[in-house]
Amino acid sequence: MKQLGYVACGLLLSVMAFAQKTKSFQASPGAVMEEIFRAAKQSDYSNLTLLCPPDASNDGDTRWICEIANARENDQVEFASYFSQGYLNGDIRYSAEEGRSFAIVPFWFNHPSGGDRCKEEMRMVKIGEKWYLISF
């Protein structure tokens, strides 16, 4: 009986840790971008499917990010080459419109055309307590 208690406790702690991890990478716009960079570095795209808004209001570029886990290997290699060396590059700007919160996150990524094309801005929307990709 005591072993069953340990197993139940361990299972509960695992579920809580997973829930916290899932929540934490969408808790702020900066954390969302860091998750994209982490996914590219580690070739672990499992969380990226959660970054598209439930109402599918995002553009094709951000949809590509959300769907990269199920993409062809060539697309995953391309994604990793773009974002694995990425980083936040400036202050996040916030705004509100029609009762919704938005953020613009400046970042650097490895655009194949180089130069000024490497500086980008990711636009996000907050729905509930989570941040989602809209466009870049």
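Checking the a/c ratio against 1.5 first, then a/b against b/c, what shape does the Cα gyration tensor give for the stretch 27-135?
Working: a/c = 1.89, a/b = 1.31, b/c = 1.44.
Note, shape of the stretch 27-135 comes out oblate.
When a footprinting reagent is the concern and you count Cβ atoms within 10 Å, what order do Leu133, Leu88 take, fewest first? Write out the running numbers ahead of the final one.
Details: Leu133 26, Leu88 16.
With the fewest neighbours first, Leu133, Leu88 line up as Leu88, Leu133.
Got a sec? Charge dipole of the stretch 27-135, +1 on Cβ for Lys and Arg, -1 for Asp and Glu; which of Leu51, Ser28, Phe83 is way out at the positive end?
Ser28
Could you give the length gained on full extension between Ser95 and Ala27, defined as 0.36 nm per residue of separation minus the Cα-Cα distance, in nm? Numbers along the way, then the final one.
Numbers: separation 68, 0.36 × 68 = 24.48 nm, distance 1.64 nm.
Result for the pair: 22.8 nm of gain on full extension.
First select every other residue whose beta carbon is under 12 angstrom from the beta carbon of Pro53; then total the charges, Lys and Arg +1, Asp and Glu -1. Please report the intermediate quantities before stating the final value.
Numbers: positive: Arg63, Arg100, Arg123, Lys126, Lys130; negative: Asp55, Asp59.
Value of the local net charge: +3.
Throughout, read-outs are computed from the coordinates displayed, never taken from laboratory work. No experiment lies behind these values; they were computed from the predicted model shown. Cβ: placed from backbone, ideal geometry, glycine included. Neighbour counts: every protein chain shown.
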